[in-house]
Structures are given as C-alpha cells and as structure tokens.
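Here is the structure we will look at.
Readers should treat all values here as calculations from the given coordinates under stated rules, not as data from a laboratory. Computed from a prediction, not measured in an experiment: that's the story for all the values here. Every residue, glycine among them, receives a Cβ derived from its backbone with ideal geometry; neighbour counts consider all protein chains shown.
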Amino acid sequence: MNYSSILEQIQKDIQPYFGKGKVADYIPALANVNPKKFGMSIHTIKGNVFEIGDSKELFSIQSISKVFTLALAMTLEKDSIWKRVGREPSGSKFNSLVQLEHENGIPRNPFINAGAHVITDILTSHFENPKAEILNFVNKLAKSKVSFDEILAQSERETGNRNLAMGYFMKSFGNIHNQVRVVLDVYFNQCSIAMSCLNLSKSLLFLANDGVAPSTGERIISKRNSDRINALMLTCGMYDYVGEFAYSVGLPSKSGVGGGIIAIVPGEMAICVWSPELSDSGNSYIGTKALELFVNYTGKTIF
Ligand code: GLN
C-alpha cells in the first residue's frame, strides 16, 4: 500500500484547523515554536517509509519520552514496577496532583507525569548515569544521534514547580527512592529530547513488531511487554482524552505537549504526527485530527 496520496490528502484536510489549538507556554522555551508546523511520517515493518510536511524537523518529544523510559524500565524490572505505579487511566490532567493523596502516592499509570517520575526514579536507581543510558537507548532505536535540548531542559527545571511538588509528595509516601531533584533533572532532560517525526516512527516501530526492531532484527523487549505497552498507550496514552481518542482513532498512542503523537498499528506500522497547537487535554489538536483522518481513510484501527 502506498500511503503518500493519503498523507497528501490529510495535509490538505487539516489546513482549516490551524489556530484552533494553543501552543504550550507553561514551559517558556516551548512557546517559541512556530504554531504552523505540521509533519507526519509512517514506518512500516516491511521497511517502507512515507512522510509529508515538516517530518524531518526536530521538536521536543516531551511525554512521548515516557514510552522509551517505560520500555527501558521493563527490561530491568518485572512486577516490582507495578507495586509503585498503577495501570488505570487517570481521568485527570497529565500533571494533576489530586489522586496522589488518597491513593497513597501511587500514580495511576506510567504515562501521567507522576507515574513517569516513578519510572525515571527506577532508572535512576539502576544506572550510574541515567541520562546517558536513556539517550543511548533512544539512539539505538533511532539509529541516529539524538540529544537533549539543554535550553528546554533548563527552562523546565526553572519553572517545573508542579512536577517537583509531585516528586516531593510521592517521596513523602516513600515512592521516590532517590533525591527528588536528581530524579526530576533526569525527567526534564528526557522530556527535552529533540527528535523528528521520522526519528520517532522509526524508533518506536518495535512496538508494532512484537518488541523486535524490524530493521535489525534486534529484540528490544519481549512480545508480552510490547503488547502491554500498547495496552497502556491505548488506555492511558492520551490523558483524559483517552476514551474519545479510542473512539475516534482506535490506535495505541502517546502524545507530548511539544505537539507530537506516536500511534502504533500492531503488525503493520508506527505513525508519528507533529503539530504544536494543543487542545485543552494537552494533545496536539491537528495531530489528533490527522490520525482520525488516517483511520477514516484506511480503516486501520485495532478494532
Ligand atoms: N515535560 C512536560 C511536563 O512535565 C511533559 C508533559 C507532557 O508532554 N504531557 O509537564
């Protein structure tokens, strides 16, 4: 199947939606991005690549990093992860603190901020240099040299009081084992990683291929863990828009406030779309529309 004409059609169809969402500005360095950007790419497990628009331009992957860190943590620990993080949708904003108090500092899932802090804490316990290990892991998957955006990481370090509050709150329940500032420094760096749509659809293709990177044949994670990450993406990857997204798109997906979304079609492909203007739920407005159009045109949902 040649998806080029479908991507061209999607690029036309999304034009009226520019200006309807809003670029994230709570991290000051994120506000500098051009709101008119749109890129989309597809990597198929058979080795085909399709792309359109700003698909080669680097952007801040933000919460999409939570997929990489969870996959990495699942290679290091098994059931112990799930004593410290749940596997339920939160029904709240990605940076909400409210559930943590009555749920004893155990975040609902690894894809909301608090859950990602716990995963990053696990990596911090295992690795001498967690930042380097995360970059190595992403580099290995992307087969190109990705890096932290130091300006963005610094901007988030200076303004990330809500994330720090979450970290200290969870530490008071004993669910952060390392120093909060150390864990959050790793977290802000992982969020700042700069990648393109093409980098991301290539890197996360193993999730469409039962945990094996198709280009090298290297097993990244077990098939069961690949299935589980997809399940978590479907149920928790789009924050409190997850039900709506399952209805209108129906693909395991993960978004970031940089405007990127990665979507997996198991057994077939990984799709990445980027457009920086966000809806109220913190997901790319146009990215969501583009994925909905893709599924409408191709019928490729998991259902
Ligand atoms: N770095 C962002 C934050 O912690 C990531 C959030 C996101 O992409 N949803 O607020």
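As a summary of the residue check, residue 206 satisfies the conditions (1) within 15 Å of the ligand (Cβ to nearest atom); (2) of a type in the set (A, V, I, L, M, F, W, C); (3) within 18 Å of the chain's Cα centre (by Cα) except for the one numbered (1). Within region 218-230, residues that are under 18 Å from residue 88 (Cα atoms) reach partners that are assigned to a strand (DSSP E or B) with beta carbons closer than 7 Å, at six or more positions or on different chains, in the pairs 230/264. Just to be sure before I move on: is residue 94 crowded, with 18+ Cβ neighbours inside 10 Å, under 23 Å from residue 25 (Cβ atoms) and in contact with a Cys (Cβ under 6 Å, 6 or more places away or on another chain) in the structure I sent? Taking the combined requirement at face value, the residue does not satisfy it. Of all residues in region 8-54, exactly one satisfies the criterion of being over 16 Å from residue 255 (Cα atoms), away from the ligand (no atom under 16 Å from the Cβ), among the small types (Gly, Ala, Ser) and surrounded by 14 or more Cβ atoms within 10 Å (Cβ to Cβ), namely 53. Looking only at region 209-233, filter to residues that are assigned to a helix (DSSP H, G or I) and touching a strand residue (DSSP E or B) at 6+ places or on another chain (Cβ under 8 Å); which one of those is nearest to the ligand (Cβ to nearest atom)? Looking at residues that are assigned to a helix (DSSP H, G or I) and touching a strand residue (DSSP E or B) at 6+ places or on another chain (Cβ under 8 Å), I get 233. Sort out which residues of region 155-165 are in a helix (DSSP H, G or I) and near the ligand (Cβ under 9 Å from one of its atoms), and write them in order of number. Across region 155-165, the qualifying residues are 156, 162, 163.
Among residues that are touching a Lys or Arg at 6+ places or on another chain (Cβ under 6 Å), within 16 Å of the ligand (Cβ to nearest atom) and farther than 18 Å from residue 206 by Cβ, residue 95 is included. Residues considered: 286, 302, 271. Of these, the only one that is over 21 Å from residue 46 (Cα atoms) and either β-branched (Val, Ile, Thr) or more than 12 Å from the chain's Cα centre (by Cα) (or both) is 286. Are any residues in region 259-268 under 14 Å from the mean Cα position of the chain (by Cα) and either among the aliphatic types (A, V, I, L, M) or part of a strand (DSSP E or B) (or both), and if so, which ones? If the condition is that a residue be under 14 Å from the mean Cα position of the chain (by Cα) and either among the aliphatic types (A, V, I, L, M) or part of a strand (DSSP E or B) (or both), then 260, 261, 262, 263, 264 are the ones that fit.
In region 234-253, the residues that are more than 16 Å from the ligand (Cβ to nearest atom) reach residues that are part of a helix (DSSP H, G or I) and aromatic (Phe, Trp, Tyr) with C-beta atoms within less than 9 angstrom, at least six apart or across chains, in these pairs: 234/245; 249/294; 251/245; 251/294.
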